[in-house]
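Trainee: Quick one: this structure, given as structure tokens, is what I'll be asking you about.
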Amino acid sequence: MASTPVPSTTSTSPIANLTSITRLTGSRLNLTASSNLFLNKIGRSRRSYKRISIKSVIRDPEVKVSVPDDVNAGVKNALDSSTHDSSTIASSIKYHAEFTPSFSPERFELPKAYFATAKSVRDALIINWNATYDYYDKTNMKQAYYLSMEFLQGRALLNAIGNLELTGQYAEALMELGHNLENVARQESDAALGNGGLGRLASCFLDSLATLNYPAWGYGLRYRYGLFQQNITKDGQEEVAESWLEMGNPWEIVRHDVSYPVKFYGKVVLGSDGKKHWIGGENIKAVAYDVPIPGYKTKTTINLRLWSTKIPSKDFDLQAFNAGQHSKASEAHVNAEKICYILYPGDDSLEGKTLRLKQQYTLCSASLQDIIARFERRSGNLVSWEEFPSKVAVQMNDTHPTLCIPELMRILIDVKGLSWKEAWNITQRTVAYTNHTVLPEALEKWSLDLMHKLLPRHVEIIEMIDEELMDNIISEYGTEDLVLLDQKLREMKILDNIEFPERVVQLFKDASTAKSKPKLLIKSLDPSEGVVDGEIISGEIESDKVEQEEEKLDPGEPTFLQSDPNLPKVVRMANLCVVGGHAVNGVAEIHSEIVKEDVFNNFYKLWPQKFQNKTNGVTPRRWIRFCNPDLSKIITKWIGTEDWVLNTDKLAELKKFADNKDLQEEWRAAKTRNKMKVVSLIKEKTGYIVSPDAMFDVQIKRIHEYKRQLLNILGIVYRYKKMKEMTAEERAISYVPRVCIFGGKAFATYVQAKRIVKFITDVGATINHDPEIGDLLKVVFVPDYNVSIAEMLIPASELSQHISTAGMEASGTSNMKFAMNGCVLIGTLDGANVEIREEVGEENFFLFGACAHEITGLRKERAEGKFVPDRRFEEIKQYVRSGVFGTYNYDELMGSLEGNEGFGRADYFLVGKDFPSYIECQEEVDKAYRNQKLWTRMSILNTAGSSKFSSDRTIHEYAKDIWNIEPLVLP
């Protein structure tokens, strides 16, 4: 909550109070009447006060607060943007520079200007923020809660003032104070709360939820050091800790009164009350830090609540410290605080795995305790747990928040006293799961031993859920075909490779016995003795000739329900998500089909009603309106309205102007201005000088083998090699000048991805210094790729590469951002590429490569030794190995593309298979780019066809089909 300024008890001159700032700005700033009024109000010794009641968002009691009449009047008018003229804003910025300082008073330089400006904006947001949640509390509408390990927010300043429609006023105010808005905004560090598309999607969703007035919150963790800051050296990628919180975060508000206990380890005991109690162990506290998320052209301002972990000061071992045992003294504090040190700590060690699991449980436990506390508070004295799913929707963004399921069960059963049946019914109706991957390693599997040690009560609950699942499977498939039933149980169980419950084992024994039938066995019947002329001599067979035996199993039949002692016992988190939630969605049409037909096919057959598609989207506010103002003005001019920012369907109206000469000229001019900004960025970040006249060819995303940055750079090497074989005249005729731009982080322990980064930078160092090639080809790796860099690169890009192995990219969201900004895509039929190509037109998308349904067969072909690589591909690998790009040994990297089997070999991601198609497609790109009229038309039609990919559309679908929530517009 915003604190109320304490009235001054000593009469002080307002000019004296502000001498430091006015000394610096007085020569170029005339104080206006309104700003003088603002300053005089600060300096008054007597003020008129009025008692008002504020109901806490966190606690039930009403708190009486003394608020000055002038502040009360300001609150009353705060939602009226007309009160935010540039002079008033300038006064607010000066106030924060002086009275909520983070810097010394002598200077008013850019960092100080940024913090003061951000706090000024936050003041406006707090009014809307509090009003939003006061209204939500009063109406007690159903609310959605989005749990994600990542929220890749980017910078907040320009987005916030843009959504508040105050960009012009803040620009004028800062100009009065001697600063430029863009320069001030650049002082902000990107919030280091995510890495890739998962976090960027979550942030887009929050923007859309607020803009569309849906009651919702986001929950995440407040990582002190982020993932890492990426430096590029001669040895490749180097990781250092992020410094985004070093000077504080002006957007967040710590809620010291909102904290929850989180427990690890300990044991489970049965109490005298007949309930299970989880006791002992390690206890920490999760403290809430809130960040406001404003909607566009609406009062609605929702909340992103981030948890930070700590323990009380009394747990610092002062005796040990004074005895010189400093590490021991602070051990408990470090163990608590390190949970929120970094995103995705390395998990090669047991300690790393433990820390990751602690992170996931902290997010789930603290968030659910908070959600339940809010539900109880809003329910008053009439708490009905049956109504919980009608008031609460919990969305798990990927498998990281899976522990929400057993944690909600634990709280409902152990703390609230519900029965298993009641708790399970509530949990399944409350929770839903978004799947983001088909990669096996990303479908998390946790060691059962580790989880049992860290979360013993949760393992008990998971075991009971697993038994209930087995009952469902047995009921569905019956015991007629035991081989099939055994297969389904093994594939679908949550707990993998553990002993089956005795009752299930007995069921199989009973079914096997029931199938055994007695049969007559004639031991000896000599035809010469027993048959004469075809007739049996004796009408009876003596009893000693016959015996009954049980039918024996064929030695080739499988042994049922046996675990493998050589394999680990694991908890399959994705299976738990499917079982425990009422909805499972993929994030693109092709991905959702793969989820149903492959990843979760058994579950789809069991519960087809659970499975949905929700194609991803991105917010058009940040990703066109604010990051590409030149293009936005052109769109608004030609469409005739700015309504497209809220209704992207209107972008389709650009199609009728796609061949208009005037629009095309304006479109190209805007692209050139954006390219000039990137020329400066590249020089600043890498030292390379590139030509704005070249095509800007961009691939910016997390470095991973399936995303195939390796295919891109090998294509560039092929291009370079062919150029070197030509005369200067031949090169100019054959190739369009290109600046090939890469960006993205390789996970710190992902060795192959880091080799790819090293390879890209080595290729760039060679090509960029080759005088024969000059501006015809440049290769640039922009270090420390983040949202702010993307906001510059995407508007300037002309070709963007989305070239993952078909069937392996769930959706992608950067492809949507590029298309929205008039960039032409080259890619495979993977993820959202399929739908983008349908929407923008096949002729406006460069397609190559194998299709998803072919991949399994192609890998089988490779394993059987039948694949014959293209001559050009072999040629390029040899060229790389020749040392032309330096002394680094690339045998491991090139070796991954060779052989027919083995870990890290056999070209699992089909780079070699798609290479010929890729380079031929790039030739088509060059051909099209030479015709700038054609290329500009393609660019316009990409923007015009991108309307489907707004996160507003996606959120409407989640709200209607999964969460069952309605918009709630503030009065």
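The values are calculated or read from the model by the stated rules, or taken from the named source; none is laboratory data. Fair warning: this is a prediction, and the values are worked out from it, not measured in the lab. Using ideal geometry, Cβ is built from the backbone for each residue, glycine included, and neighbour counts are taken over all protein chains shown. Side chains are part of the model used for accessible areas, which takes the heavy atoms of the whole protein and leaves out ligands, DNA and RNA. Shrake-Rupley method; radii C 1.70, N 1.55, O 1.52, S 1.80 Å.
Trainee: Restricting the search to the range 902-919, which residues are at pLDDT 95 or above and small (Gly, Ala, Ser)?
Mentor: GLY912, SER917
Trainee: May I pose another question? Name the pairs: first residue in the range 223-241 and free of Cβ contacts under 8 Å to residues at least 40 places away in the same chain, second residue open to solvent by 20 Å² or more (accessible area, probe 1.4 Å), Cβ to Cβ under 7 Å, at least 6 apart or on different chains?
Mentor: GLU238/ASN231; VAL240/GLN229; VAL240/ASN231
Trainee: Which of the residues belonging to the range 656-665 are closer than 15 Å to CYS823 by Cα and either of a type outside the set (A, V, I, L, M) or open to solvent by 80 Å² or more (accessible area, probe 1.4 Å) (or both)? Lay out the reasoning, then the answer.
Mentor: Initially, the range 656-665 is screened for residues closer than 15 Å to CYS823 by Cα, giving 658, 664.
Of everything in the range 656-665, just one residue is closer than 15 Å to CYS823 by Cα and either of a type outside the set (A, V, I, L, M) or open to solvent by 80 Å² or more (accessible area, probe 1.4 Å) (or both), namely GLN664.
Trainee: Can you work out which of the residues in the range 571-616 that are aliphatic (A, V, I, L, M) and open to solvent by 20 Å² or more (accessible area, probe 1.4 Å) is farthest from LEU450 (Cα to Cα)? Write out each step before concluding.
Mentor: Pass one, the range 571-616, residues aliphatic (A, V, I, L, M): 571, 573-574, 576, 578-579, 583-584, 587-588, 590, 594-595, 599, 606.
Then keep just the ones that are open to solvent by 20 Å² or more (accessible area, probe 1.4 Å); that gives 590, 594, 599, 606.
On the way: ILE590: 35, ILE594: 31, VAL599: 25, LEU606: 30 Å.
Looking at residues that are aliphatic (A, V, I, L, M) and open to solvent by 20 Å² or more (accessible area, probe 1.4 Å), I get ILE590.
Trainee: What's the total number of residues in the range 899-927 that are free of Cβ contacts under 8 Å to residues at least 24 places away in the same chain and under 26 Å from MET723 (Cβ atoms)? Spell out how you get there, then give the answer.
Mentor: If we filter the range 899-927 for residues that are free of Cβ contacts under 8 Å to residues at least 24 places away in the same chain, which is where we start, we get 899, 902-903, 905, 923, 927.
So of that shortlist, the ones also under 26 Å from MET723 (Cβ atoms) come out as 923, 927.
Of the residues in that region, 2 qualify.
To keep it simple, each residue is scored yes or no on (1) among the β-branched types (Val, Ile, Thr); (2) part of a helix (DSSP H, G or I); (3) surrounded by fewer than 19 Cβ atoms within 10 Å (Cβ to Cβ).
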| residue | (1), (2), (3) |
| --- | --- |
| TYR918 | no, yes, no |
| LEU934 | no, yes, yes |
| MET938 | no, yes, no |
| ASN942 | no, yes, no |
| ASP952 | no, yes, no |
| HIS956 | no, yes, yes |
| ILE962 | yes, yes, no |
| GLU966 | no, no, yes |
| LEU970 | no, no, yes |
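Trainee: A further question follows. Listed residues ALA863, ALA852; which is open to solvent by 30 Å² or more (accessible area, probe 1.4 Å), of a type in the set (Gly, Ala, Ser) and in contact with a Gly (Cβ under 7 Å, 6 or more places away or on another chain)?
Mentor: Numbers: ALA863 fails: in contact with a Gly (Cβ under 7 Å, 6 or more places away or on another chain).
Going through ALA863, ALA852 in turn, just one is open to solvent by 30 Å² or more (accessible area, probe 1.4 Å), of a type in the set (Gly, Ala, Ser) and in contact with a Gly (Cβ under 7 Å, 6 or more places away or on another chain): ALA852.
Trainee: All but one of (1) open to solvent by 10 Å² or more (accessible area, probe 1.4 Å); (2) touching a Gly at 6+ places or on another chain (Cβ under 7 Å); (3) farther than 21 Å from VAL438 by Cβ; (4) not in a helix (DSSP H, G or I) hold for GLU839; which doesn't?
Mentor: (4) is the only condition that GLU839 fails.
Trainee: Identify the residue in the range 316-356 that is among the acidic types (Asp, Glu) and loosely packed, with under 15 Cβ neighbours inside 10 Å and, among all such residues, is farthest from the chain's Cα centre (by Cα). Before the answer, list the steps.
Mentor: The initial filter retains those residues of the range 316-356 that are among the acidic types (Asp, Glu), namely 317, 331, 337, 347-348, 351.
Still in the running and loosely packed, with under 15 Cβ neighbours inside 10 Å: 347-348, 351.
Details: ASP347: 19, ASP348: 22, GLU351: 24 Å.
Among those that are among the acidic types (Asp, Glu) and loosely packed, with under 15 Cβ neighbours inside 10 Å, it is GLU351.
Trainee: Would you mind telling me which numbered condition in (1) crowded, with 22+ Cβ neighbours inside 10 Å; (2) out of contact with any Gly (no Cβ under 9 Å at 6 or more places or on another chain); (3) of a type outside the set (Asp, Glu) PRO406 fails?
Mentor: Against the list (1) crowded, with 22+ Cβ neighbours inside 10 Å; (2) out of contact with any Gly (no Cβ under 9 Å at 6 or more places or on another chain); (3) of a type outside the set (Asp, Glu), PRO406 comes up short only on (2).
Trainee: Now, a different point. Scan the range 594-610 and report the pairs whose first residue is within 13 Å of ALA574 (Cα to Cα) and whose second residue is among the small types (Gly, Ala, Ser) and part of a helix (DSSP H, G or I), with Cβ atoms within less than 9 Å and a gap of 6+ or a chain change.
Mentor: As it stands, the answer is VAL599/ALA574; PHE600/ALA574, since those pairs meet every condition given.
Trainee: Search the range 94-111 for residues that are open to solvent by 40 Å² or more (accessible area, probe 1.4 Å) and pair each with any residue that is among the aliphatic types (A, V, I, L, M) and in a loop (DSSP other than H, G, I, E, B) when their beta-carbon atoms are under 6 Å apart and the residues are at least 6 apart or on different chains.
Mentor: Correct list of pairs: GLU98/LEU18.
Trainee: Would you mind telling me which numbered condition in (1) in contact with a Gly (Cβ under 6 Å, 6 or more places away or on another chain); (2) crowded, with 23+ Cβ neighbours inside 10 Å ASN821 fails?
Mentor: Every condition holds for ASN821 apart from (1).
Trainee: Do the conditions hold for ILE789, that is, is it more than 21 Å from ASN821 (Cβ to Cβ) and open to solvent by less than 40 Å² (accessible area, probe 1.4 Å)? So that I can check it myself, show each step before the final result.
Mentor: Values: more than 21 Å from ASN821 (Cβ to Cβ): no; open to solvent by less than 40 Å² (accessible area, probe 1.4 Å): yes.
Taking the combined requirement at face value, the residue does not satisfy it.
Trainee: While we're here: Out of the range 798-818, which residues are among the hydroxyl-bearing types (Ser, Thr, Tyr) and either within 20 Å of the chain's Cα centre (by Cα) or open to solvent by 10 Å² or more (accessible area, probe 1.4 Å) (or both)?
Mentor: Narrowing the range 798-818 to residues among the hydroxyl-bearing types (Ser, Thr, Tyr): 800, 804-805, 811, 813-814.
Within the range 798-818, SER804, SER811, THR813, SER814 qualify.
Trainee: Still on this structure: Right, VAL763: among the aliphatic types (A, V, I, L, M), outside any loop (DSSP other than H, G, I, E, B) and in contact with a strand residue (DSSP E or B) (Cβ under 6 Å, 6 or more places away or on another chain) or not? It would help to see each step written out before you state the result.
Mentor: Numbers: among the aliphatic types (A, V, I, L, M): yes; outside any loop (DSSP other than H, G, I, E, B): yes; in contact with a strand residue (DSSP E or B) (Cβ under 6 Å, 6 or more places away or on another chain): yes.
Yes.
Trainee: Can you run down the residue pairs with Cβ atoms below 9 Å, 6 or more apart or on separate chains, where the first is in the range 874-898 and assigned to a helix (DSSP H, G or I) and the partner is open to solvent by 40 Å² or more (accessible area, probe 1.4 Å) and small (Gly, Ala, Ser)?
Mentor: If the second residue must be open to solvent by 40 Å² or more (accessible area, probe 1.4 Å) and small (Gly, Ala, Ser), the pairs left are GLU892/GLY904; GLY895/GLY904.
Trainee: Which residues, taken from the range 488-515, are open to solvent by 70 Å² or more (accessible area, probe 1.4 Å) and either charged (D, E, K, R) or touching a helix residue (DSSP H, G or I) at 6+ places or on another chain (Cβ under 9 Å) (or both)? Can you show your working first?
Mentor: Initial filter on the range 488-515 (open to solvent by 70 Å² or more (accessible area, probe 1.4 Å)): 490-491, 499, 502-503, 506, 509-510, 513-515.
Those that are open to solvent by 70 Å² or more (accessible area, probe 1.4 Å) and either charged (D, E, K, R) or touching a helix residue (DSSP H, G or I) at 6+ places or on another chain (Cβ under 9 Å) (or both): ARG490, GLU491, GLU499, GLU502, ARG503, LYS509, ASP510, LYS515.
Trainee: Among the residues in the range 823-832, are any in a loop (DSSP other than H, G, I, E, B), more than 15 Å from PHE949 (Cα to Cα), among the small types (Gly, Ala, Ser) and touching a strand residue (DSSP E or B) at 6+ places or on another chain (Cβ under 9 Å)? Don't jump to the end; show me each part of the working.
Mentor: In the first step, residues of the range 823-832 are kept if they are in a loop (DSSP other than H, G, I, E, B); the result is 823, 828-832.
With more than 15 Å from PHE949 (Cα to Cα) added as a condition, the list becomes 828-830.
Now narrow it down to the ones that are among the small types (Gly, Ala, Ser): none.
No, the range 823-832 has no match at all.
Trainee: Being buried (at least 23 other Cβ atoms within 10 Å of the Cβ) and part of a loop (DSSP other than H, G, I, E, B) is the filter here; which residues of the range 700-737 pass it?
Mentor: The answer is LYS701, ILE703, ARG708.
Trainee: Further, regarding this structure: Restricting to the range 667-682, name every residue that is surrounded by fewer than 18 Cβ atoms within 10 Å (Cβ to Cβ) and not aliphatic (A, V, I, L, M).
Mentor: ARG668, THR672, ARG673, LYS677, SER680 - these are the residues of the range 667-682 that are surrounded by fewer than 18 Cβ atoms within 10 Å (Cβ to Cβ) and not aliphatic (A, V, I, L, M).
Trainee: A follow-up question, please. I want to confirm something. Restricting to the range 272-302 and keeping residues that are surrounded by 22 or more Cβ atoms within 10 Å (Cβ to Cβ) and of a type in the set (S, T, N, Q), which single residue is nearest to LEU646 (Cα to Cα)? So that I can check it myself, show each step before the final result.
Mentor: The first filter runs over the range 272-302 and keeps only residues surrounded by 22 or more Cβ atoms within 10 Å (Cβ to Cβ), leaving 284, 286, 288, 291-296, 300-302.
Okay, now just the ones that are also of a type in the set (S, T, N, Q), so 300-301.
Values: THR300: 15, THR301: 16 Å.
Checked the range 272-302; the qualifying residue nearest to LEU646 (Cα to Cα) is THR300.
Trainee: Take the residues in the range 213-249 that are aromatic (Phe, Trp, Tyr) and open to solvent by less than 30 Å² (accessible area, probe 1.4 Å), then tell me which one is farthest from LYS745 (Cα to Cα).
Mentor: Filtering the range 213-249 down to residues aromatic (Phe, Trp, Tyr) leaves 214, 217, 219, 223, 225, 228, 244.
Pick out the ones that are also open to solvent by less than 30 Å² (accessible area, probe 1.4 Å) and you get 214, 217, 219, 223, 228, 244.
Working: TYR214: 34, TRP217: 29, TYR219: 24, TYR223: 17, PHE228: 9, TRP244: 17 Å.
In this case the residue turns out to be TYR214.
Trainee: Regarding the range 374-385, can at least one residue be identified that is open to solvent by less than 30 Å² (accessible area, probe 1.4 Å), modelled with pLDDT of 95 or more and under 21 Å from CYS577 (Cβ atoms)?
Mentor: No, the range 374-385 contains no residue that is open to solvent by less than 30 Å² (accessible area, probe 1.4 Å), modelled with pLDDT of 95 or more and under 21 Å from CYS577 (Cβ atoms).
Trainee: Here is a further query. Within the range 250-315, considering only strands (runs of 3 or more DSSP E) that don't extend past its boundaries, which have at least 2 residues that are among the small types (Gly, Ala, Ser)?
Mentor: Numbers: elements: 253-264, 267-270, 276-279, 282-294, 301-310.
In the range 250-315, the matching strands (runs of 3 or more DSSP E) lie at 282-294.
Trainee: Quick one: in the range 774-803, which of the residues that are among the small types (Gly, Ala, Ser) and in contact with a strand residue (DSSP E or B) (Cβ under 8 Å, 6 or more places away or on another chain) is farthest from GLY945 (Cα to Cα)? Even if it seems obvious, please write down each step before you answer.
Mentor: The first filter runs over the range 774-803 and keeps only residues among the small types (Gly, Ala, Ser), leaving 774, 788, 790, 796-797, 800.
Next, from what is left, pick out any that are in contact with a strand residue (DSSP E or B) (Cβ under 8 Å, 6 or more places away or on another chain): 788, 790, 796-797, 800.
On the way: SER788: 25, ALA790: 21, ALA796: 19, SER797: 17, SER800: 16 Å.
Result: SER788.
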